[in-house]
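Trainee: Here you go, one structure.
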Amino acid sequence: MLVEPAGARNVGSVARLCANFGIGELRLVAPRCDPLGAEARQMAVHGAAHLEQAVIYPDLASALADCSRVVAATGRLEGPPLPLRSPGEALAWLLGQRDRSQPSQDPDGGTALVFGREDRGLSNHELLQAGCLLHIPTPAVYPSLNLSHAVAVVLHHLWTLRQGEAGWQEITPQTLVSTKPLAPRGAIEAALSDAEALLLEVGFLLPHTAHARMAKLRALLQRAQLTDNDLALLRGMVCQLRWASRRGDQTGQGP
């Protein structure tokens, strides 16, 4: 998944990489170039089908709505909203694998790899829509990678993990690799939206600080790796608290 790609040649190169490594679908979020133009097609070569079938979304939230496990790639080392993982760690989590003995498969609904803009990557808000952040270590002299090159590195890591041939040396007993089925992003975003509305209603959040405080809550919930049951509990709490708050207002006993 590419967020606001500006270079048609990069989009074409990524389509070719999808064909190289057997990626089923390419999603584009608000592309800033023509993904079907001559430059993109020139680079796609035998990945032209992925280019032509790429699904375009208006924003990242809608692109991820049906995905349960999301890994976002970032080159930022300062102030990431979630811990940075190596490619091997992040991709093992994406596949829901703990060791070689587990089958390589998408464990619980859709999975997604997200790459940001060529010039500035992904924002904190976008990174917080992922359950895991992937960082490709490079020498400090020039750490920034071209978008399509970064995608190539990550997809090669993913392919080797699926083949069980390499990459497991990065997975240690201390590495958190959750294998439990996770809730889809669309349901989590809906729950967070309900929670934000309630917290604004009762005065816990203020309009001018709500975004920053909700970012902290989002990071907390991402680290918890919510299942459907966890999410049902959270939504039940929000509904009950809203009912109690409004009942209190009606009886004159509100906060």
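Trainee: Can we say residue 130 is among the hydrophobic types (A, V, I, L, M, F, W, C), more than 29 Å from residue 189 (Cβ to Cβ) and outside the structural domain of residue 215 (by TED's automatic domain parsing)?
Mentor: Details: among the hydrophobic types (A, V, I, L, M, F, W, C): yes; more than 29 Å from residue 189 (Cβ to Cβ): no; outside the structural domain of residue 215 (by TED's automatic domain parsing): yes.
In short, no.
Trainee: Another question about this same structure. How about the range 16-32: which of its residues are in a loop (DSSP other than H, G, I, E, B) and closer than 20 Å to residue 67 by Cβ? So that I can check it myself, show each step before the final result.
Mentor: Taking the range 16-32 as the starting set, the residues that turn out to be in a loop (DSSP other than H, G, I, E, B) are 21-26, 30-32.
Selection gives 21, 22, 23, 24, 25, 26, 30, 31.
Trainee: Please determine whether any residue of the range 184-203 is touching a Gly at 6+ places or on another chain (Cβ under 7 Å), surrounded by 13 or more Cβ atoms within 10 Å (Cβ to Cβ) and either modelled with pLDDT of 90 or more or within 22 Å of residue 90 (Cβ to Cβ) (or both). So that I can check it myself, show each step before the final result.
Mentor: Keep residues of the range 184-203 that are touching a Gly at 6+ places or on another chain (Cβ under 7 Å), which gives 184.
Narrowing further to those that are surrounded by 13 or more Cβ atoms within 10 Å (Cβ to Cβ): 184.
Cutting the leftovers down to either modelled with pLDDT of 90 or more or within 22 Å of residue 90 (Cβ to Cβ) (or both) gives us 184.
Yes: the range 184-203 contains one or more residues that are touching a Gly at 6+ places or on another chain (Cβ under 7 Å), surrounded by 13 or more Cβ atoms within 10 Å (Cβ to Cβ) and either modelled with pLDDT of 90 or more or within 22 Å of residue 90 (Cβ to Cβ) (or both).
Trainee: Condition (residue is over 15 Å from residue 189 (Cβ atoms) and modelled with pLDDT of 90 or more) applied to the range 214-224: is it met by at least one residue?
Mentor: no
Trainee: How many residues does the range 33-56 contain that are of a type outside the set (Gly, Ala, Ser) and not in a helix (DSSP H, G or I)?
Mentor: Number satisfying all stated conditions: 7.
Trainee: Out of the range 128-169, which residues are more than 30 Å from residue 231 (Cβ to Cβ), modelled with pLDDT under 90 and outside any loop (DSSP other than H, G, I, E, B)?
Mentor: 160, 163, 168, 169, listed by residue number.
Trainee: Oh, and also: Quick one: in the range 55-96, which of the residues that are touching a residue at least 60 places away in the same chain (Cβ under 8 Å) and of a type in the set (Asp, Glu) is farthest from residue 1 (Cα to Cα)?
Mentor: Top of the filtered list is 89.
Trainee: Still on this structure: Looking only at the range 2-15, which residues are under 18 Å from the mean Cα position of the chain (by Cα), at negative phi and either assigned to a loop (DSSP other than H, G, I, E, B) or basic (Lys, Arg) (or both)?
Mentor: Of the range 2-15, the ones under 18 Å from the mean Cα position of the chain (by Cα) are 2-5, 14.
Cutting the leftovers down to at negative phi gives us 2-3, 5, 14.
5, the sole residue that qualifies.
Trainee: Now a separate question. Kindly check whether there is at least one residue in the range 57-71 that is modelled with pLDDT under 95, assigned to a loop (DSSP other than H, G, I, E, B) and not aromatic (Phe, Trp, Tyr).
Mentor: Yes, that holds for at least one residue.
The values are calculated or read from the model by the stated rules, or taken from the named source; none is laboratory data. As the structure is a prediction and not an experimental result, all values here were calculated from the model. No Cβ is skipped: glycine too gets one built from the backbone with ideal geometry, and neighbour counts run over all protein chains shown.
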